[in-house]
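The values are calculated or read from the model by the stated rules, or taken from the named source; none is laboratory data. Model, not experiment: these values are computed from the prediction. Positions of Cβ are backbone-derived with ideal geometry, glycine not excepted, and every protein chain shown enters the neighbour counts. The protein model used for the area step is the full one, side chains on, heavy atoms only, and it has no ligands, DNA or RNA in it. Shrake-Rupley method; radii C 1.70, N 1.55, O 1.52, S 1.80 Å.
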Amino acid sequence: LIPSLKKDIVVTDRKGNYFLKSSKVYQANVALKTSKILNEIIIGSFPLFVDHNDDLWYGTNNAFCRYETNTGLIRQYIYPLNKINLTPYKFLECIFQENDDEFWLGTVEGLFHFNKKSEKWKHYFNIRGKRNSLSSNVIFSVLNDPKYPQKFLWVGTNGGGLNCLDIENGVFTQYTEADGLPNPVIYGILNDKSGKLWLSTNRGISSFKPEYKENSKDKNIEIGTVNFRNFDEGDGLQSNEFNRYAFAKSGNGTLFFGGVNGINYFNPEDLSTSDYVPDVLITNFRLNNKPVEYPAVDGVVAKDIVLNKPVYLLNKIILPYSANMISFEFAAMDYTSRGKNRFRYKLENFDKEWIEDYDNHLATYTNLNPGEYIFSVAAGNQDGQWGDKIAGINLIILPPWYLTWWFRISLILVIAGTIYYLYQYRLKQALKVLRIRNSIATDLHDEIGSTLSSIFIYSEVAQRNAENISPETSNLMKSISSEVANMIEALGDIVWTVNAKNDRFENIINRMRGNAIELFEARGYTLHLEVNDKMNILKMGMEPRRNFFLIFKEAINNIAKYAKGKNVWISLKYIDNSILLSIKDDGAGFDINLKSNGNGLFNMSKRAEALSGHLEVNSAIGAGTEIVLRFPYS
C-alpha cells in the first residue's frame, strides 16, 4: 500500500485506519486497500494520538493540533506559554485522553491539562525546593489510576522518577530510587487487570500495586505505601535499558515494552510471586570504616582488636566513647535472586522507625551517645514480603570517665562538702563579727560610758558649788555638763547600734517608741504610733540601722524643738519589699522654699541616700510638717 518505512510510528482508530509517520504522515486502510498522504499535517509533528471520536491529535513546538478525519480540517490550540525552551526532545512527548473533552499532555515544560470544550489550560511544573510539586519538567508518560481514575494521575518523568498527582488539590507525591525505583527515568506506564502499574526504565521494569488509605478527618483518599518489585536482565529482559514511546497493552492484557535490544512482552497474570523470605545475618562490623577482626577478650574493645568471635555469633559489642563511627554489614541467605532482596534495619534507642534499604547492605552510625543500643535487621523478598526472623546484636558504648556514675557521685560529694565548708566558714565569720561588735558595745558602755557619767556628775556638783562663788565658773561648768550629756546620749546610740542583738527590727521599734514617748510627753504632745506587724520579723544590719534611727531621731527632735503642735503621728510599714516611715505633726510648719541655716534636713537626705532610699519633706506655714522615708529592704 505504501513505501517501506523505517522507524514508523503507528496508531489506529476504530474504523481500521492506520496512521503511520516517517518523514510524512500516511493514512492507510488494510481492509479497503487504500492509502493517502496527509499533507496538511506538519512534518516533524509528534506524537500521534487517535481520540474517542477517531480524530487524530498531534503536537508541534507551539500548539496542540486536532485533525478531523471526516472533514480533513485542522485546529490548533496554542500552548499557554510566553516562551518555549527547546531541548533535545520534541516539546510534546505524550498524550493521554481522560474523557471526550479532557486531555493530559506530557511535555518538556511540565504537565498540561487541556479541556477541548472550554479550550482552557492548566499547567503543572517543578517548583525548586517544593516537594509537593512536579519533580521534573520533562515528562515521557502519563496514565490515570486504575482504581481512582478521576482522583489520581501517574506521571513518568525524565530523571525525576515517578509522580502521583492528586487532581483535586493539585499536589504531587514523588517516588525516587530512595523509595525502591530502579532508575529515575520512567519511559512508559501501563496497568494490568489486577490494578498493578508497570514501568519501563533505564534499569529494567518495575511494578507495584498502589495501596490506598482514607483520611479519618476529611474522608479523603490518599496513596499509601508503595512497594516496588524490579526486574532486570537476570529475569529475562532483552536489556536493562528501554526506550520512549515503546510500550503498549493488547486487548487480552499482554504488555509490550521495547528496548535497545528488542521487545519484551508478557501477561502479568502468568507471573507468579514468591512466598519465600530468606534469613539474614550480620556479616561484618566496621569501626571508622575499617573491618574489625577477632579474637579479643570478652568482646571488649582493645587498641586494634574488638571481637572474640565472628560478629554473626556475637550477642554484644562493647565500645569506648571515642568510637565515633560504627557500621554493620548484613546479607540475606538467598542466592536465587541476587541483588533483589530487601533489607530494613533499626537501632533501638536511636532510630524511631525501621529504615528500608534496597541497594546497600550497610548501616552506618556516627557520634552515638554513651548508652545501650540494639541493632536489628530483617530481610524481605523482591515481592515486598518481610520475614519474621531478625538478626540482632547489643551495642554498649561506654561513657568517658567524667560521665561515669562514680565520678558524678564523687563530684556531688565534693560540691556538697565545699558548700558545707563555705557555709560553716561564713557562719564562723559572722559569729566572730557579732562577738567583736558585742565586745565593743560592752567596752564602750563599761569603760567610756561610766567615765563620762562620772564626769557629768562631777561637773554638776562643781556647778552647784560655784554658783555663789563665781558665776563665770558656774556657766562654764554648765556648758561642760551639757556637752557631756550630749556625748553620753550619742555614746548610747553608738553602743545600741553596735550591739548585734539590736539587729532585730523588734528592738529597733522598741527604741524608737521609747525615745518618742520620753520626748513628746515632756513637751505635752499626744503620740499616735502605728507599726505593721510584719516589721517584727525583719532584721537590719549595723550601718543601715544607724542611718535609719538617726533620721528618725532627727525628725522627732525637730518636732519637739520647733513644731509647737499638739499631735504627732508616726507610721512604720513594710510594703512591696520596702520600708516606709512617715512622721507627721500638726504644728507651725515652715516654708520649704526658704533656705535653712541648719544641717538637719541635709544630713537626713544624705542618710536616706546611704539607704538607697528617698526622703520627702512636705510642709507649709500653719499646716504642720510631714517627713516620708522610703527605702528598699534586702
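Taking residues in the stretch 52-73 that are touching a residue at least 60 places away in the same chain (Cβ under 8 Å) and farther than 14 Å from K116 by Cβ, and partners anywhere that are open to solvent by less than 10 Å² (accessible area, probe 1.4 Å) and among the acidic types (D, E), not one pair has Cβ atoms closer than 6 Å while being at least 6 places apart or on different chains. If you filter the stretch 589-619 down to residues that are among the small types (G, A, S), part of a loop (DSSP other than H, G, I, E, B) and modelled with pLDDT under 90, you find that the one that is least open to solvent (accessible area, probe 1.4 Å) is G589. Scoring R545 on the criteria (1) open to solvent by less than 10 Å² (accessible area, probe 1.4 Å); (2) of a type in the set (K, R); (3) on the phi > 0 side of the Ramachandran plot leaves a single failure, condition (3).
Do the conditions hold for L580, that is, is it touching a residue at least 40 places away in the same chain (Cβ under 8 Å), out of contact with any strand residue (DSSP E or B) (no Cβ under 9 Å at 6 or more places or on another chain) and closer than 22 Å to R513 by Cα? The answer is no for L580.
Provide a single number: the residues in the stretch 550-565 that are within 11 Å of D586 (Cα to Cα) and assigned to a helix (DSSP H, G or I).
2
Residues in the stretch 70-109 that are open to solvent by less than 30 Å² (accessible area, probe 1.4 Å) and polar (S, T, N, Q) were compared, and the one that is farthest from the chain's Cα centre (by Cα) is Q97.
Quick check on my filter: what residues within the stretch 583-603 are in contact with a strand residue (DSSP E or B) (Cβ under 6 Å, 6 or more places away or on another chain) and under 14 Å from F548 (Cα atoms)? The one that is in contact with a strand residue (DSSP E or B) (Cβ under 6 Å, 6 or more places away or on another chain) and under 14 Å from F548 (Cα atoms): I583.
Within the stretch 159-212, if we keep just the residues that are open to solvent by 40 Å² or more (accessible area, probe 1.4 Å) and not in a loop (DSSP other than H, G, I, E, B), the residue that is farthest from S239 (Cα to Cα) turns out to be V171.
Here the condition is being among the aromatic types (F, W, Y) and modelled with pLDDT under 90; of F328, F285, it holds for F285 alone. Only one entry of G253, G262 meets the criterion of being open to solvent by less than 40 Å² (accessible area, probe 1.4 Å), touching a residue at least 60 places away in the same chain (Cβ under 8 Å) and more than 51 Å from the chain's Cα centre (by Cα), and that entry is G253.
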